[in-house]
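Shown next, in structure tokens, is the structure this report addresses.
The values are calculated or read from the model by the stated rules, or taken from the named source; none is laboratory data. Keep in mind that what you see is a predicted model, and the values were worked out from it rather than measured. Note that each Cβ is placed from the backbone with ideal geometry, even for glycine, and that neighbours are counted across all protein chains shown.
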Amino acid sequence: MKKDKLYLFTVLSITVVFLIIAFIAAKYFIKASANQLIEVQVETSKREANEIASIIDFQLANNLNKEAVLENLQTTILGTNSNAWFISVLDWSGKKVCYPDKTKLGEIEKSNSNLLQSLKEKNNSEDLYDILVSNRSEEKGKEYVEVIHTAPVKSTDLLIAANVNVSSIDKQLQQLKRNFYLIFLLMGILVIVLSSVAVRIIGSKYEKQLEEKYTSLESEVINLSKLNTDLVNYKEKKEKDLEREAKIAAELATQIEEKEEVVLEPSETEVNEPNRKRILTYMRNELVPVLINEIAYVYTENTITYVVNFDGKKSTSNASLDDMYTNFDPTLFFRANRQYIISISAIDKIIKYGKSQLKIVLNSNANEEIIISKNKAAEFKQWLNM
């Protein structure tokens, strides 16, 4: 429905624009054509009147009888078509001496002198139509004849007059108008129909392109929606997996902390005595006994357990972190997380970190920073108060 309205408004707009242009153009073309037609006829009539004046002058100069010459001319023009342009002969008083209608001989010519003067002053046809038609406004509906040019015959009182039947010319011009309006009407119908078809074709192609773009965009939106859904599902799945892994890790940590028996390699089995003074470690291929009260912290990396003293010396042990913790006094050493055991004497600063977490800064040469999780924070605080 919206498209049909758009097409209708487009056609109506084209129609209005064409009517405005046609109205202006029709008036211009009608006037230009009428002026050109009248100019041609005026010039032809003038030339004919001048030629007849020259012929009569030549005949009279050869001693031909004036009455005989006029009688021959009357015979020649008698019955000629007086519905448009024709020739007549007047004397200086304006009396008709020769005329196509014999019944009007002897009548006084009543032509408009202003019109004749205007036509003499005109060097082109721009206003001929307006001059002729405007001078018959009072004679509308009657036959109206005007003299448009006079050619005097030398040495006589005769004037050869070029006449125009304005009423007939006006009918011709009205027919010319009707023809122009008919042409513009047919052109208008053709332009409107072709414009409507062109608008429909162009609009259809444009709509097809828009529909293709819309379909493509809709498909992309659907794909993005599916991708977003997949991402949300994947995120939820990963969160569940992480929660499950964290739960399993917590359970394992609990089991490890509660484990009472530790299995060591036969050659490295040590007696679990909380009050031991030293432990046996390795530094390359050398066995190094380390006093427990000199240990700052113990950590594991890549399945290897490292023992770090307050002076920064580092050695390794084949025992696991759990095994090492069983050899330490629980009032002096704390299992910070799955990777570190720290000595209370090695703690330099305790800083709040994140949400309910703690960051431990050690005063050893290594300047290690150890994070205690939210679950271990309460236990750590209780250990500090022992």
Self-check item: Residue satisfying condition, being within 27 Å of Ala250 (Cα to Cα), over 60 Å from the mean Cα position of the chain (by Cα) and hydrophobic (A, V, I, L, M, F, W, C), within set Ile292, Ile360, Ile371
Solution: Ile360
Self-check item: Breaking point among (1) of a type in the set (Val, Ile, Thr); (2) surrounded by 15 or more Cβ atoms within 10 Å (Cβ to Cβ); (3) closer than 23 Å to Leu252 by Cα, for Ile304
Solution: (2)
Self-check item: Subset of the stretch 341-381 [assigned to a loop (DSSP other than H, G, I, E, B) and not polar (S, T, N, Q)]
Solution: Gly354, Lys355, Ala366, Glu368
Practice problem: Inspect the stretch 35-50 for any residue being in contact with a helix residue (DSSP H, G or I) (Cβ under 7 Å, 6 or more places away or on another chain), in the same structural domain as Leu185 (by TED's automatic domain parsing), in a helix (DSSP H, G or I) and surrounded by fewer than 17 Cβ atoms within 10 Å (Cβ to Cβ) and give the result as yes or no. | Solution: yes
Quiz item: Pick from the stretch 152-175 the residues that are within 23 Å of Ala84 (Cβ to Cβ), in contact with a helix residue (DSSP H, G or I) (Cβ under 6 Å, 6 or more places away or on another chain) and in contact (Cβ under 8 Å) with a residue 60 or more places away in the chain: which of them is surrounded by the fewest Cβ atoms within 10 Å (Cβ to Cβ)?
Solution: Leu173
Quiz item: Does the stretch 79-91 include one or more residues that are free of Cβ contacts under 8 Å to residues at least 40 places away in the same chain, in a helix (DSSP H, G or I) and assigned by TED's automatic domain parsing to the domain that holds Asp170?
Solution: no
Quiz item: Within the group Val17, Val11, which residue is without any contact (Cβ under 8 Å) to a residue 12 or more places away in the chain, in the same structural domain as Phe184 (by TED's automatic domain parsing), under 19 Å from Leu185 (Cβ atoms) and of a type in the set (Val, Ile, Thr)?
Solution: Val17
